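In what follows, a structure is listed as structure tokens, so that the remarks can point back to it.
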There are 4 protein chains.
Amino acid sequence: MVSFESDYIAGAHPEVLKRLAETNMESLPGYGADKYSESAKEKIRELIGVKDAVVEFLAGGTQTNAVVISTMLSDYEGVVAAETGHVSSHEAGAIEYTGHEVLLIPQKQGRIEPAVLSAYLESFFSDENHEHMTFPGMVYISHPTEYGTIYTKKELEMLSGLCRRYDIPLFMDGARLGYGLMSRESDLTLQDIARLCDVFYIGGTKVGALCGEAVVFTRGNRPAHFMTSVKRRGALLAKGRLIGVQFDALFTDDLYFDICRHAISMAERMKKIFITHGIPLFIQSPTNQQFVILRNDRMEQLKKKVSFSFWEKFDDDHTVVRFATGWSTTEEDLAVLNEALEEITVPY
Amino acid sequence: MVSFESDYIAGAHPEVLKRLAETNMESLPGYGADKYSESAKEKIRELIGVKDAVVEFLAGGTQTNAVVISTMLSDYEGVVAAETGHVSSHEAGAIEYTGHEVLLIPQKQGRIEPAVLSAYLESFFSDENHEHMTFPGMVYISHPTEYGTIYTKKELEMLSGLCRRYDIPLFMDGARLGYGLMSRESDLTLQDIARLCDVFYIGGTKVGALCGEAVVFTRGNRPAHFMTSVKRRGALLAKGRLIGVQFDALFTDDLYFDICRHAISMAERMKKIFITHGIPLFIQSPTNQQFVILRNDRMEQLKKKVSFSFWEKFDDDHTVVRFATGWSTTEEDLAVLNEALEEITVPY
Amino acid sequence: MVSFESDYIAGAHPEVLKRLAETNMESLPGYGADKYSESAKEKIRELIGVKDAVVEFLAGGTQTNAVVISTMLSDYEGVVAAETGHVSSHEAGAIEYTGHEVLLIPQKQGRIEPAVLSAYLESFFSDENHEHMTFPGMVYISHPTEYGTIYTKKELEMLSGLCRRYDIPLFMDGARLGYGLMSRESDLTLQDIARLCDVFYIGGTKVGALCGEAVVFTRGNRPAHFMTSVKRRGALLAKGRLIGVQFDALFTDDLYFDICRHAISMAERMKKIFITHGIPLFIQSPTNQQFVILRNDRMEQLKKKVSFSFWEKFDDDHTVVRFATGWSTTEEDLAVLNEALEEITVPY
Amino acid sequence: MVSFESDYIAGAHPEVLKRLAETNMESLPGYGADKYSESAKEKIRELIGVKDAVVEFLAGGTQTNAVVISTMLSDYEGVVAAETGHVSSHEAGAIEYTGHEVLLIPQKQGRIEPAVLSAYLESFFSDENHEHMTFPGMVYISHPTEYGTIYTKKELEMLSGLCRRYDIPLFMDGARLGYGLMSRESDLTLQDIARLCDVFYIGGTKVGALCGEAVVFTRGNRPAHFMTSVKRRGALLAKGRLIGVQFDALFTDDLYFDICRHAISMAERMKKIFITHGIPLFIQSPTNQQFVILRNDRMEQLKKKVSFSFWEKFDDDHTVVRFATGWSTTEEDLAVLNEALEEITVPY
């Protein structure tokens, strides 16, 4: 069955797989000390325009969030996140597992509004005594957010400015970063992100890799003995080449961005298909995840033709569901969706 | 340069890579719910002869040790391990990171002797009051050990009997399990291990996979909601297929065991080469890791020809080093080693 | 200066101190194995009417919350609490320090409404798959709440019923339990609480002791080897008698309840004084903590005469402050407050 | 029965209790911000001769060890301790509970020998790559040790020098510090300790207080927002005065040292009694804990007259037991012991 369940339904992008095969027989040092990891890091550094940025590879998104947050926070600090943030709700308490609190603040369509953050930080740091409370020690944002929405350059500048005023790092979860960058509505570049964030990651798992995320420390702020901290969290791969080779492929000949452009293009066509069939969008997402509201009976019918993800209950009769595109989404897939929708939206 | 640094210097065994490529375009559910993961689990269950064993995949050895140990121990318990155990010394405190103590006991060539374990457990559980001490809640052994040595069936039966007498699980770290099983000196089968251990894992990373370990819970003892516990430790791969497909390949047509037999055969020839050149063995290892004692000046010479791993200082003039074989080790590699040794062992 | 800052401004109630002095020279076993600890436990068991309840002493409220919650939760579980719960906001992340998430739900005047809890639990447990989320494994309520409000018997029965339906324990933080029980508005008895909660504690620190809280496990549910778990959290006092003797005194001749009745009586007079002076109550609290809204300029004036606690900003010109009574509050203290308020509420 | 079980069998020294009573009715701020805590800290600073030392109070020894070690270590570090160290063996894994490893090294009569520490640190820091191992980030010593032995000034200077060479703090567990200082064999002063250690604590619980330990950070090295870190570990007492007043009393008129001198004097007489009766000393302890070897049958007889602590099995027929003295030990107690020994050492 045609699947829009997620952007990680298929294996690796063929170019990525090809590079794994081509380099497979080489003897390489372990734990990320191989030449492909180094090459990938160098390509990323050049792309973001920060020569002395430090790039580190990890295997998955939740792991990356937990490692970055727990190694950068001080003992008495927690991480500020939107109530809908991935770290707040869908990581099974991975941040708390490291001993740190996620400090929840309200959100709008998945985004933290600068005014909300400003009020929160001002209140915390201006009052006399908060020693019985967890200190905000980092701000976590996801871009695109869990609802597919994106920050504008102005918003990111404001968030970054706030973080710098209070001297706490801004961390961007970029599990789907490329889809945000390639969105037609985005006015943010990768260089902007590197300039405005203190640490961020470029997701691979959801953008054509089998696994892997590239964390970028932009300001000489990689925690000391980071490899040891990664090791003790069980996150160090013996064959670090697995991620290094994949990122080296993703950042060769613009592959990473091509993948994202393709997925965005597919998502835009998909959006039109929904609109044509009168399916209401739950949210205006300019990226590769589309959230629509389905009548429950129609949802059940549709499930028989294409697969997608349950998101949340809308009301007793309707459900919010997610359709995602990725490198493997084809025109044929969309045609199947179109046809399936036609069947279920016949007046009855 | 020819490398004997470890058994994870190369990529995946070609058959494993082939299966990844063949299945790459398929749409599959994430998080290990794919059919290849299920197929691999079924093959392992059949092989070990425990129909209701539960198999779970994780990415690497340290991660597996930390997940298994921390989810199976009670709050007041620690894990008993040899002083030389991987969890004791080379995982950067990964077990302690989960909040649990590693209770060190003496070892012999990497092995825990049944008499030593017996004395330890008897002393702990027979005395009146140990409430100010960490309770031994699991026994961890590695097989082969960190020194390449293996347990006999009789020893494993004794260790298993002790664990069952005190009602604590026996956990076998099988990062290199196949090399132990295929050793000519081994009288243990995989079925024996499944019968005698309460939980063990079959290592993939060091036996031909890009990454991946298969944990086997043999007695209905997988911790409840294990996936959630894995997720919160950052150890759940979105594309679980990556490991499932690899293990499915490893356990098709005896590949896993062929790989190990090859590596053992190469190790045996290597051992002869060392003996021929008068290089003393540090330990009598019947598996794929060989530890030899090199004079420091010769070690420096040898380094220019082949690569290997520093293990430990022997005395001021000598060093213990490790040579490992794997699926990618060839006769040509051994010939290079032989030649290199000839050069350095010319009397001078 | 007369202080209404908290209910822990003074030392121990004189009767408590007297017992400490009387028993001071006796040789007693350590770690809570002394006869006074046993006597106090027995008195509590009788009072609550649960013969086989298990009582344990700990030193303070945050410690008790962390120990109870972290020893009773499973690895994949978190504790449900009101956004205003002490564990949610004023314990500096003590629960998260143990590796567990606090699952926040909305509150009303500090209370969790049964309907809100019901909706939350139903949603979590009825939907297909929540394995990427922290499981609710306990419900935490404080009684009286952080706003001095109390649950009715009916509410507590409903909360208890919900917890039992989903088989998760209900934990009552009773740091100020006696003030709730002695409130004129309360229809709950200590026996009700023991019957409806799975675990709760009777606070000593805020009710006349120098330190100490008595945790009551009502249903054979004390975690195994609890003393060891307490020890490893650094919460085991060598001279356990310190808490045992104090609780033995508090539960002799109704002292605990006399203390609370006195404080409630003082709080009621205080409330009248506020009303008489036209000072608006922020909340209708029937217990020993009173929250009032002060104009900022008047608050500054008042500070010069009596001390109290900042609670939260009300608006730009007003602040919510807390006045607490305790065993040491006297009529003279209230007279000073009355006089001080007269001065500042003169029309100006 | 006369008890020599420990140095915490009695309540508080009468002078300490008297001060608690005298200050009991005063209204004081909570959480250690009271004037008695401040006074006690000032007295300690003067005594140790470090004007800008920072003193903090905690409730007990294990708690203090866990708080100090876990707040001072970096993520990738563990604490080096003797195999017999209190943190290694009798704290039920309290250090591991904080996520950090205790790095065990051999000991002699409870002491870490400078040469052993030197070899350990040199080996760790000189070799190329230890990134898969826990970094030694602190050295923990107890003084007196768990066997009652003490360090000489020269030894402490050497340990301190090593720590400074490798830039890791030296932490002294001084649960019984006074007994070490007052030992006739000691050539160490409190000023020496403050100069040579980076952090240490002066134990109160075992030296006349009901509870309480005074941590001294000697070099501007108190971790930032220490109170918040203490709070989140459940170690912050609301009525901080409880410890402040006691330490203020202990450090008034030399009380702390008088208590220790008395206990040492009693221990010396006790040692003579043992020698007179031909009871072999297990170790030559110059402090208030005496370890002797008893024949098992005689041990059983003796138990009926006086109480003491089981320490460890010596051989099948003998046991090592501990007798401790404290502020409450009297000449009469020793007379009872003498008489009891006479009965059991009658030739039979």
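The values are calculated or read from the model by the stated rules, or taken from the named source; none is laboratory data. Since the structure is predicted, the reported quantities are computational estimates derived from the model, not experimental observations. Neighbour counts run over all protein chains shown; Cβ positions are idealised from the backbone, glycine included. Heavy atoms of the whole protein, side chains included, go into the accessibility calculation; ligands, DNA and RNA do not. Shrake-Rupley method; radii C 1.70, N 1.55, O 1.52, S 1.80 Å.
In the protein assembly as shown, the inverse of the mean reciprocal separation of distinct Cα atoms equals 33.9 Å; this is its Kirkwood hydrodynamic radius. Average projection, convex hull of the Cα set of the range C:1-83: 9.5 square nanometres.
Once you divide the Cα radius of gyration of the range B:156-207 by 2.2 N^0.38 Å, the number left is 1.16.
For chain A, the share of accessible area belonging to carbon and sulfur comes to 49 percent (1.4 Å probe, ligands and nucleic acids excluded). With every protein chain in place and a 1.4 angstrom probe, the accessible-area ranking of A:333, C:7, largest first, reads A:333, C:7. Taking a ≥ b ≥ c as the square roots of the eigenvalues of the Cα gyration tensor of the range A:1-150, is the shape rounded (a/c under 1.5), prolate (a/b larger than b/c) or oblate? Prolate shape, in that a/c is at least 1.5 and a/b is the bigger ratio.
Taking both sides together, the accessible area buried where B meets A is about 3800 Å² for a 1.4 Å probe.
Accessible area per residue was computed with a 1.4 Å probe on protein heavy atoms; residue D:39 scores about 40 Å². Per-residue SASA remark: residue B:157, around 80 Å² accessible (1.4 Å probe; ligands, DNA and RNA not included). Heavy atoms of the protein chains alone define the surface here; on that basis the range C:139-262 has 28 Å² accessible area per residue at 1.4 Å probe size. DSSP assigns beta bridges within the range B:12-168; of those with both partners inside it, close to 10 percent run antiparallel.
Counting only other chains, and only Cβ atoms inside 10 Å, what mean value do you get across the residues of C:6-16?
Details: counts 5, 1, 9, 9, 8, 13, 5, 1, 3, 0, 1.
Per residue, the number of nearby Cβ atoms from other chains is 5 on average.
Of all residues in chain C, the one whose Cβ lies closest to the rotation axis carrying C onto B, together with that distance in whole Å, is C:99, 3. Distant-in-sequence amide contacts of residue B:173, defined by a placed amide H-H separation under 5 Å and a gap of 5 or more residues or a different chain, comprise B:141, B:142, B:143.
Quick check: the distance between the Cα centres of the range B:237-287 and the range C:300-345, to the nearest angstrom? The two parts, judged by their Cα centres, are 77 Å apart.
Measuring heavy-atom accessible area with a 1.4 angstrom probe and counting protein chains only, the residues of the range C:39-82 that give up at least 10 Å² relative to the chain alone are C:59, C:62, C:63, C:75, C:76. Across peptide C:307-317, the mean count of Cβ atoms from other chains lying within 10 Å of each residue's own Cβ comes to 1.
Basic side chains Lys and Arg get +1 at the Cβ, acidic Asp and Glu get -1 at the Cβ, and with that the dipole of the range D:218-348 about its Cα centre reaches some 1020 debye.
Which order do peptides C:191-202, D:17-28 fall in by mean Cβ count within 10 Å, highest first?
Working: C:191-202: 21.8, D:17-28: 17.4.
The densest-packed peptide leads the list: C:191-202, D:17-28.
A quarter of the convex hull surface defined by the alpha-carbon atoms of the range C:229-299 gives 8.1 nm² as the mean projection.
Quick one: divide the alpha-carbon radius of gyration of the range C:1-44 by 2.2 N^0.38 Å and tell me what you get. Spell out each step's value before the answer.
Working: Rg = 14.4 Å, N = 44, 2.2 N^0.38 = 9.3 Å.
Against the compact-globule rule of thumb, the ratio is 1.55.
Placing +1 on the Cβ of every Lys and Arg and -1 on the Cβ of every Asp and Glu, with no other charges, gives the protein assembly as shown a dipole of roughly 0 debye about its Cα centre.
Accessible area ranking (1.4 Å probe, heavy atoms, ligands and nucleic acids excluded), largest first, for B:71, A:228: B:71, A:228.
When you count the other C-beta atoms within 10 angstrom of each residue and take the mean per peptide, B:264-277, D:278-291 line up highest first as D:278-291, B:264-277. Projecting 7 Å from Cα along the Cα-to-Cβ direction, the label point of residue A:51 sits 4.8, 6.8, 8.3 nm from its equivalents in the other copies, listed shortest first.
If the viscosity is 1.306 mPa s and the temperature 10 °C, what Stokes-Einstein diffusion coefficient in µm²/s follows for chain A when Rh is the Kirkwood radius over Cα pairs?
On the way: Rh = 21.0 Å.
For these conditions, the coefficient is 75 µm²/s.
Express the C-alpha Rg of the range D:257-342 as a ratio against the empirical globular expectation 2.2 N^0.38 Å, rounded to two decimals.
On the way: Rg = 12.4 Å, N = 86, 2.2 N^0.38 = 12.0 Å.
Normalised Cα radius of gyration, the range D:257-342: 1.03.
Shape class for the range D:125-233, computed from the alpha carbon gyration tensor (a ≥ b ≥ c): oblate, with a/c not under 1.5 and a/b at or below b/c.
Summed over qualifying helices (DSSP H, 4 residues or more, each -39500 (n - 2.57)) and divided by its residue number, chain B shows a 222 nm mean residue ellipticity of -12500 deg cm²/dmol.
Report the antiparallel proportion of the DSSP beta bridges in chain C as a percent, rounded to a multiple of 5. Please report the intermediate quantities before stating the final value.
Details: 24 of 40 bridges.
The answer is about 60 percent antiparallel.
Mean partner shielding of peptide D:111-124, defined as the number of other chain Cβ atoms within 10 Å of each residue Cβ, is 0.
Each of C:52, B:253 has its accessible area taken with a 1.4 Å probe; listed largest first, they run B:253, C:52. Taking the Cα of residue C:108, stepping 7 Å toward and past its beta carbon, and measuring to each backbone N in the range C:283-319: which are under 17 Å? In the range C:283-319, the label zone of residue C:108 (backbone N under 17 Å from the point 7 Å along Cα→Cβ) covers C:283-286. Note on residue D:120: accessible area is roughly 60 Å² with a 1.4 Å probe, heavy atoms of protein only. Inter-label distance, residue C:310 to residue C:52: 5.2 nm, where each label sits 7 Å from its Cα along the C-beta direction.
Here the range B:122-166 is treated with +1 on each Lys and Arg Cβ and -1 on each Asp and Glu Cβ, and its dipole about the Cα centre works out to around 320 debye.
For chain B, what are the DSSP H helices with axial Cα length of 30 Å or more and mean Kyte-Doolittle hydropathy of at least 1.0? TM-like helix candidates: nothing returned. For the range B:89-141, the calculated P(r) over all alpha carbon pairs, in 5 Å bins from 0 to the bin holding the longest distance, is 4, 15, 26, 23, 19, 11, 2 percent.
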